[in-house]
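As structure tokens, the structure follows; a few thoughts come after it.
The values are calculated or read from the model by the stated rules, or taken from the named source; none is laboratory data. Note that this is a predicted model, so its numbers are computed, not measured. Here the Cβ positions follow ideal geometry from the backbone for every residue, glycine too, while neighbour counts run over all protein chains shown. Calculation scope for accessible area: heavy atoms of the full protein, side chains included, ligands and nucleic acids excluded. Shrake-Rupley method; radii C 1.70, N 1.55, O 1.52, S 1.80 Å.
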Amino acid sequence: MTAQLIDGKVIAENVRKEVAEEIAKMVAAGKPRPGLATVLVGDRVDSATYVRSKQKACAELGIESYGHQLPADASQKEVEELVKKLSDDPKVNGILVQLPLPSHLDEEKVLQTIAIEKDVDGFHPINIGRLAQKGRDPLFVPCTPYGCIYLLEQAGVKIDGANAVVLGRSNIVGMPAALLLIGKNATVTVCHSHTRDIPGVVRQADILIAAIGKTEMVRGDWIKPGAAIIDVGINSKPDPTKSKGYRLVGDVNFEEAKEVAGWITPVPGGVGPMTIAMLMKNTLRAAQIQNP
Ligand code: GUN
């Protein structure tokens, strides 16, 4: 193995420790404990698991969490009214609407209803708009892309002037990751389903953020020697040696890539733990903005 492993578990744990210490200080100074409201619409098992992990992290760090669940057939009005109520509630500093929403709901309209100073996911159109503009800063940066950049910075990877390639253009990861990299002076190419010669584009990358959701798509011979590889993918791969019959792998073939890259994140234990750590950091920031 030539690559240095970027250990997301250790880095996320350090972020969580810093957040917990800051919250303990706030509370000791008589300030209200930060509060995060979660909104889960419907009964997707994966979404319910994510929301539970977020609530567990809140409990561990000293953040109050307020869980709200609506049925899968909830109306646009019901969801918006709940989000408006939470936006007006002074105990709630951050609001997280778990995505995806059921397909009959207008996601953009729901996200627009979140008070901007409580938008700890950074998906409000104003926050995304600010992220896309030069010289403007969003109040909050979306948690997974924020985690990716944080990992690169902690590992000491130079972003300024680097050729960065982002695989995937989702609203949650790919697009905001590309905008963040541009803001840090990288030269960025975003690859998607219509891109010609993805391997050829990836071979130019000093930094690769893979968020395309395709099992081990990126092969070792696509990687520029010494590149930094951030693998956001979480895919299950059949594995009869495991009791569950599968194991989790990323969008990058780790065994091949680690022999060529300069830095690489494992799956699991890379980007995964960072998403919740950055959500906790954003929630602390929201509380600091609202209760200065
Ligand atoms: N679904 C997948 N990732 C995320 C995330 O970071 N935030 C929300 N709200 N929903 C998601």
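Through the Karplus equation 6.51 cos²θ - 1.76 cosθ + 1.60, θ set to phi - 60°, convert the phi angles of segment 214-223 into ³J(HN,Hα) values in whole Hz; use x for Gly and Pro.
Values per residue, Gly and Pro as x: 10, 3, 6, 5, 7, 8, x, 7, 8, 9 Hz.
List, in order, the whole-Hz ³J(HN,Hα) value for each residue of segment 58-73 obtained from phi through the Karplus relation with A = 6.51, B = -1.76, C = 1.60 and θ = phi - 60°; use x for Gly and Pro.
Taking θ as phi minus 60°, the curve returns 4, 4, 5, 9, x, 9, 6, 10, 10, x, 10, 10, 10, x, 4, 9 Hz for segment 58-73.
I'd like the FRET efficiency for residue 137 and residue 2, computed as 1/(1 + (r/R0)^6) with the beta carbon distance as r and R0 of 45 Å, rounded to 0.05.
Details: r = 37 Å, r/R0 = 0.81.
The value I calculate is 0.80.
Ignoring everything but the protein chains, give the 1.4 Å probe accessible area of residue 280 in square angstrom, nearest 10.
Approximately 0 Å² of residue 280 is accessible to the 1.4 Å probe.
If amide H atoms are built 1.01 Å from N in the plane of the peptide, which residues on other chains or at least 5 residues away come under 5 Å of the amide H of residue 97?
The answer is 39.
Once Rh is set to the Kirkwood radius over Cα pairs, what Stokes-Einstein translational diffusion coefficient, in µm²/s, holds for segment 180-251 at a temperature of 4 °C and a viscosity of 1.567 mPa s? Please list the in-between numbers first.
On the way: Rh = 13.6 Å.
The Stokes-Einstein estimate is 95 µm²/s.
Taking just the alpha-carbon atoms of segment 1-116, what radius of gyration and Dmax come out, in angstrom?
Expressed in Å, the Cα Rg and Dmax of segment 1-116 come to 16.8, 54.
Segment 157-218: D in µm²/s via Stokes-Einstein (Kirkwood Rh, Cα pairs, 10 °C, 1.306 mPa s)?
Values: Rh = 11.5 Å.
For these conditions, the coefficient is 138 µm²/s.
Measure nothing but the geometry: give the 0 to 90° angle between the long axis through the Cα atoms of 174-183 and the longest principal axis through the Cα atoms of the chain, rounded to 10°.
Helix 174-183 sits roughly 80 degrees off the main axis of the chain.
Run through every distinct alpha carbon pair of the chain and return the Kirkwood hydrodynamic radius in angstroms, one decimal place. Working shown, then result.
Values: mean 1/r = 0.0506 Å⁻¹.
After inverting the mean inverse Cα-Cα distance, the result is 19.8 Å.
List, in order, the whole-Hz ³J(HN,Hα) value for each residue of segment 137-147 obtained from phi through the Karplus relation with A = 6.51, B = -1.76, C = 1.60 and θ = phi - 60°; use x for Gly and Pro.
These are the phi-based 3J(HN,Hα) values: 10, x, 5, 9, 9, x, 5, 5, x, 4, x Hz.
Mean residue ellipticity at 222 nm from the helices of the chain, using -39,500 (n - 2.57) per DSSP H segment of n ≥ 4 over the full residue count, to the nearest 500 deg cm²/dmol? Intermediate values should be presented prior to the final figure.
Numbers: 10 runs with 116 residues, N = 292.
After summing the helix terms and dividing by residue count, I get -12000 deg cm²/dmol.
Using mean Cβ contacts within 10 Å as the protection proxy, how do 48-56, 190-198, 207-215, 284-292 order, highest first?
Values: 48-56: 15.7, 190-198: 13.0, 207-215: 23.2, 284-292: 17.3.
Ranked by mean Cβ neighbours within 10 Å, highest first: 207-215, 284-292, 48-56, 190-198.
Using the alpha-carbon atoms, what tilt in degrees (0 to 90, nearest 10) does helix 8-28 show relative to the longest principal axis of the chain?
Result, in degrees: 20.
Taking a cut-off of 17 Å between Cα atoms, list the aspartates and glutamates near residue 224, but don't count ones fewer than 8 places away on the same chain.
The qualifying aspartates and glutamates are 197, 206, 216, 251, 255, 256, 259.
In degrees from 0 to 90, rounded to the nearest 10, what is the angle of the helix 272-290 Cα long axis to the longest principal axis of the chain?
Tilt of helix 272-290: around 40 degrees.
Of 85/214; 214/281; 31/134; 118/244; 56/118; 237/281, which sit over 27 Å apart, Cα to Cα?
Numbers: 85/214 39 Å; 214/281 29 Å; 31/134 35 Å; 118/244 39 Å; 56/118 20 Å; 237/281 32 Å.
Violating the 27 Å Cα-Cα cut-off are 85/214; 214/281; 31/134; 118/244; 237/281.
Can you order the peptides 33-45, 114-126 by their average number of other Cβ atoms within 10 Å per residue, highest first? Mind showing how you got there, number by number?
Values: 33-45: 19.9, 114-126: 21.5.
Listed from highest to lowest mean packing, they are 114-126, 33-45.
By DSSP, what percent of the beta bridges with both residues in the chain are antiparallel, rounded to the nearest 5?
10 percent
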